[in-house]
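> This is the structure I want to talk about, given as C-alpha cells.
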Amino acid sequence: SQTIHQWPATLVQPVGSPLSLECTVEGTSNPNLYWYRQAAGRGLQLLFYSVGIGQISSEVPQNLSASRPQDRQFILSSKKLLLSDSGFYLCACMTGGSYEQYFGPGTRLTVT
Amino acid sequence: AQKITQTQPGMFVQEKEAVTLDCTYDTSDPSYGLFWYKQPSSGEMIFLIYQGSYDQQNATEGRYSLNFQKARKSANLVISASQLGDSAMYFCAMREGQHGGSQGNLIFGKGTKLSVKP
C-alpha cells in the first residue's frame, strides 16, 4: 500500500515570504495527487489536483501554485504568503482502480 | 452542484454505546461514491468506509457501518460500541463517478466532532 510523506510538519512564516511544501508518495505509480487546505475548525477545501507529471488543475483562485516535477512528487508553492494562507495543508493520493483517497500527515502553516 | 451537509457540529456518546453521525448529499450524477474519514487531534485523515451509489448493500467495516438511504440522499455513519479512541472529527465526503473517474476529486462536509465519555 502507498505511503505519503509531507514536510515540513509545521512551519511559521512571515507575511510576504515564499512557501514550498513538499509531498512524496511511495508504493504506487502514476497516482492522482491532491492538495487540500483545512482552516481552523473547518472542513477540507481542494486546492489543486494532478493526474500526471506536469498536469495541474486549480480549483480555487489564490496566490498559491502547485507543480508535479516527478510522478510521485507534488509541490505547493507561493511567492508571497498572506495571513489568510494559514491552515493545515494535506496531500492526498488516489491510485487507478481504487476509490479512496489516502492522506499524508499534513503540514500546519502559520503566517504571522 | 455537489454538496455535502453535516448538521451536527458536535456529538456526545457514552463509552460502549452506538452513535449515528448524519450526512446528507446532493448531486445530479447517478454514479457517485460516499466516504467517511476520521480526523483525530493529530490532524491525519483516516479513511473509514466507502459506499458506491450502485452498491446493493450497506457498507460495513468492523465497528463502522454506513446507513445508505439513496432516496433520502443520506449516508449516515454508525459507530457501534464506542471507544474513547473514537473521539475525533468525522467528515463525510462525496465523489461523482463511482469507480475512480478521471480526477476523483472529493467534496467534504464541515465535519462533526464526536466526544466519547467514559
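> Please report, in whole Å³, the volume per residue of the convex hull around the C-alpha atoms of chain B.
On the way: hull volume 11.8 nm³, N = 118.
Cα convex hull per residue, to the nearest whole number: 100 Å³.
> Over all distinct Cα pairs, what is the inverse of the mean 1/r for the protein assembly as shown, reported as the Kirkwood hydrodynamic radius in Å? Each step should come with its number before you reach the end.
Working: mean 1/r = 0.0549 Å⁻¹.
For the protein assembly as shown, inverting the mean 1/r across all distinct Cα pairs yields 18.2 Å.
> A further question on this structure: Just going by the charge dipole of the protein assembly as shown, with Lys and Arg at +1 and Asp and Glu at -1 on Cβ, which of B:F108, A:L64, A:G104 is farthest out on the positive end?
A:L64
> A follow-up question, please. What ranking do A:29-35, B:83-89 get when scored by the average of other Cβ atoms within 10 Å per residue, highest first? Kindly include the intermediate steps, with their values, before the conclusion.
Working: A:29-35: 20.7, B:83-89: 15.1.
Most protected by this proxy first, the peptides run A:29-35, B:83-89.
> Take peptide B:40-53, look around each residue's Cβ out to 10 angstrom, count Cβ atoms belonging to other protein chains, and average those counts.
The mean count of partner-chain Cβ atoms within 10 Å per residue comes to 3.
> Treat every Asp and Glu Cβ in the protein assembly as shown as -1 and every Lys and Arg Cβ as +1, leave all other atoms uncharged, and give the resulting dipole magnitude about the Cα centre to the nearest 20 debye.
For this selection, approximately 460 debye.
> Name the longest site-free stretch of chain B, where the excluded sites are trypsin sites (Lys or Arg not before Pro) in a DSSP loop with no more than 13 other beta-carbon atoms within 10 Å.
Numbers: sites that count: B:K16, B:K70, B:R72.
My reading of the result: B:17-69 is the longest stretch.
> Using Cα pairs closer than 8 Å and at least 6 residues apart in sequence, work out the relative contact order for chain B, in percent. Could you put the intermediate results ahead of the total?
Working: 295 pairs, mean separation 43.0, N = 118.
Reported as a whole number, the value is 36 percent.
> While we're here: If you count, for every residue in A:86-95, the Cβ atoms of partner chains within 10 Å of its Cβ, what is the mean?
2
> Another one. Pairs to check: B:K38/B:K73; B:K3/B:K73; B:K3/B:K70; A:K80/B:K110; B:K73/B:K113; B:K3/B:K110. Give those whose C-alpha atoms are more than 19 Å from each other in this structure.
Details: B:K38/B:K73 21 Å; B:K3/B:K73 11 Å; B:K3/B:K70 15 Å; A:K80/B:K110 28 Å; B:K73/B:K113 22 Å; B:K3/B:K110 11 Å.
As for pairs spanning more than 19 Å Cα to Cα, those are B:K38/B:K73; A:K80/B:K110; B:K73/B:K113.
> What ranking, highest mean first, results for peptides B:74-82, A:39-47, A:12-20 when packing means the other Cβ atoms within 10 Å averaged over each residue?
Values: B:74-82: 19.4, A:39-47: 15.7, A:12-20: 12.2.
By packing density, highest mean first, the sequence is B:74-82, A:39-47, A:12-20.
Read-outs: derived from the displayed coordinates by stated rules, not from any lab. Quick caveat: nothing in here was measured; it's all calculated off a predicted structure. Here the Cβ is made from the backbone with ideal geometry for all residues, glycine too, and neighbour counts use every protein chain on show.
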